[in-house]
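The values are calculated or read from the model by the stated rules, or taken from the named source; none is laboratory data. The structure presented is a predicted model; accordingly, all values stated were derived computationally and were not measured. Neighbour counts are summed over all protein chains in view; Cβ atoms, including those assigned to glycine, are modelled from backbone coordinates with ideal geometry. Side chains are part of the model used for accessible areas, which takes the heavy atoms of the whole protein and leaves out ligands, DNA and RNA. Shrake-Rupley method; radii C 1.70, N 1.55, O 1.52, S 1.80 Å.
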Amino acid sequence: LSNMGKIYLERKNYDMAYRMLEEALMVQTSTFKKNHDSILTSLGNLAFARGKGGEPVKALKLYKTLLRMQVEKFGPMSCEATETKGLKSVLYITLGEYNDAHRCLKEVLKWQQHNLDKYHPALTNTKQTIRKLKQAIKGA
């Protein structure tokens, strides 16, 4: 079911992807512990399907749940949690919630500064996005 969901994601059929991934998650949660990697992956894929399917509020709710589980399992400054914070920031920007996006990206930037080379393109991109968010916040 998870693989079928991924295929639907690749084909940009987000409704079918969500259905398959949701069913996969139900099977996984009845089989594995709540913080099993398969469950975390499915939850992330579900959130992604909702976000790409034009439902950013529902996607954010799923990402918040995922982040809470990742922080419990890996810690607040883990690569996994940081990636989810970055994805949340994209959705916050989509929703015009620039302060929340800025908060998420500051945490992403902190992780990047500690773990990436100072010339890494991701670090540069995050800094540019934070600058743009600051301008948008001031202009609001």
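Things to note:
- Of all the listed residues (ALA136, ALA59), the sole one being modelled with pLDDT under 95 and surrounded by 13 or more Cβ atoms within 10 Å (Cβ to Cβ) is ALA136.
- Residue count, segment 100-121 (criterion: more than 19 Å from PRO76 (Cβ to Cβ) and part of a helix (DSSP H, G or I)): 1
- Every pair of residues 6+ apart whose Cβ atoms lie under 6 Å, when the first sits in segment 104-124 and is modelled with pLDDT of 95 or more while the second is open to solvent by 60 Å² or more (accessible area, probe 1.4 Å): TRP111/MET77
- Lone unmet requirement of (1) closer than 22 Å to LEU21 by Cα; (2) surrounded by 15 or more Cβ atoms within 10 Å (Cβ to Cβ) for GLY54: (2)
- Exactly one residue among SER42, SER89, SER78 is touching a helix residue (DSSP H, G or I) at 6+ places or on another chain (Cβ under 7 Å) and surrounded by fewer than 19 Cβ atoms within 10 Å (Cβ to Cβ), and that residue is SER78.
- Any hit, segment 62-70, residues being without any contact (Cβ under 8 Å) to a residue 12 or more places away in the chain, within 19 Å of ARG19 (Cβ to Cβ) and of a type in the set (Lys, Arg): no
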